[in-house]
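Below is one structure, written out as structure tokens; the observations come after it.
The values are calculated or read from the model by the stated rules, or taken from the named source; none is laboratory data. Since the model is a prediction, treat every value here as computed from it, not as a measurement. When we count neighbours, we look across all protein chains shown, and the Cβ atoms used for this are built from the backbone with ideal geometry, even at glycine.
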Amino acid sequence: MNSASIIGFIAALCTTASYFPQLKKCWITKSAGDLSLKTFLVLAVGVGLWTIYGILLSDAIIVLANGASLCALLEILYFKLREDWDAA
């Protein structure tokens, strides 16, 4: 593994891990009321596109990191949408 791959792996690890504290909070509180739906929707679209980009480049680091991030974001969005639907 070359230095660029190592930097990419560490960057992917950091950005992917950043979603999990928020997801844990949503699981514990069963709430996502203080989160911006628009922000998380745009972020999920962007991460989904990064995943597709990684697939097109056959770059496993991009695919795995963004795939894991997308899963976490979709779970957070589930909490947000469920809460918004219950409030309506």
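Candidates are the residues of segment 29-88 that are of a type in the set (F, W, Y) and farther than 29 Å from S5 by Cα; the one that is modelled with the lowest pLDDT is W85. Inside segment 36-88, residues that are closer than 15 Å to T15 by Cα and among the acidic types (D, E) make up a count of 0. Residue pairs whose Cβ atoms lie under 6 Å apart, separated by 6 or more positions or on different chains, with the first residue in segment 52-66 and on the phi > 0 side of the Ramachandran plot and the second part of a helix (DSSP H, G or I), do not occur. If you go through segment 13-25 and keep only what is under 21 Å from F79 (Cβ atoms) and under 14 Å from the mean Cα position of the chain (by Cα), you end up with T15, T16, A17, S18, Y19, F20, P21, Q22, L23, K24. When I10 is tested against (1) more than 18 Å from E75 (Cα to Cα); (2) touching a helix residue (DSSP H, G or I) at 6+ places or on another chain (Cβ under 6 Å), just one condition goes unmet, and that condition is (2). Among residues belonging to segment 34-58 that are of a type in the set (F, W, Y) and out of contact with any Asp or Glu (no Cβ under 9 Å at 6 or more places or on another chain), point out the one that is nearest to W85 (Cα to Cα). The residue in question is F40.
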